[in-house]
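Structure record follows, encoded as structure tokens.
Read-outs: derived from the displayed coordinates by stated rules, not from any lab. Just so it is clear, the structure is predicted and the values come from calculations on it, not from any experiment. Because the Cβ atoms are built from the backbone with ideal geometry, glycine has one as well, and the counts that use them run over all protein chains shown.
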Amino acid sequence: MIVSNARGLQPAPWIVQWAGLVAPSAAVLDLAAGHGQHAIFFAERGHKVTAVDRDVSVLPDHPNIERLQVDLEDGSPWPLLDRRFGAAVVTNYLHRPLMPQLLDAVASGGVLLYQTFMAGNERFGKPSRPEFLLKDGELLELVRGKFSVIAYEARLISEPAMAMVQRIAARRI
């Protein structure tokens, strides 16, 4: 069963499709958690979730969700120090300076589930600025040598709206 949050938002189909890769009871990092649909999804599956966002007031209260309010783009140090997670989930967010810390936060054998917009999305609206759009093959390059790629797509999607996206499911080597 797919659990919606209080606003009726459901987790991204890509995240649901590959969620089975996350080890039972593994700690999950939901970076740029937004309204918490992925945090709720994993919390309801029994995972302890650390949901990070600049505004956590919209995140649900749940015993398995640790809410961490952090502006990830203000130049502050990485808020998770040396914490490691069995999975990291990111959707519809890209801030390239965080990528090394994000990838390092995934423990050996852990899973990265990432989906965001890529070049070509400017035809469909926002985001349209290059700093918010992945370049062709960029997710593959970021994980090369550190992760084993299980699934990858770079494609046009039509739901919930037309967009160009890249998505990856990868396991830390």
Quiz prompt | Gaussian network model of the chain, springs between alpha carbon atoms under 10 Å - residue of LEU142, LEU94, LEU29 with greatest fluctuation | solution = LEU142
Exercise. Note the listed values (1) 23; (2) 49; (3) 19, then indicate which one is percent of Cα pairs over 27 Å apart calculated from this particular structure.
Key: (3)
Quiz item: Residue separation times 0.36 nm, minus the C-alpha to C-alpha distance between HIS95 and HIS62: what's the value?
Solution: 9.2 nm
Self-check item: GNM flexibility winner over the chain from ALA151, ALA43, ALA107 (Cα, springs under 10 Å)
Solution: ALA151
Practice problem: Treat each spin label as a single point 7 Å out from the Cα along the C-beta direction, and report the ARG84 to ALA119 distance in nm. | Solution: 3.5
Exercise. For the chain, with a Gaussian network of springs between Cα atoms less than 10 Å apart, report the residue from ASP74, ASP30, ASP53 with the top mean-square fluctuation.
Key: ASP74
Quiz item: What FRET efficiency, computed as 1/(1 + (r/R0)^6) with R0 = 35 Å and r the Cβ-Cβ distance, is obtained for GLN69 and ARG129, rounded to the nearest 0.05?
Solution: 0.90
Self-check item: Partner lysines for LYS126 [C-alpha distance under 25 Å; skip if fewer than 8 residues away on the same chain]
Solution: LYS135
Quiz item: Mind listing the phi-derived Karplus ³J(HN,Hα) values for the stretch 99-113, rounded to whole Hz, using 6.51, -1.76 and 1.60 with θ = phi - 60°, and x for any glycine or proline?
Solution: 4, x, 5, 4, 5, 5, 6, 8, 5, 3, x, x, 10, 10, 10
Practice problem: Find the relative contact order for the chain and round it to a whole percent, using C-alpha pairs within less than 8 Å whose residues are 6+ positions apart. | Solution: 18
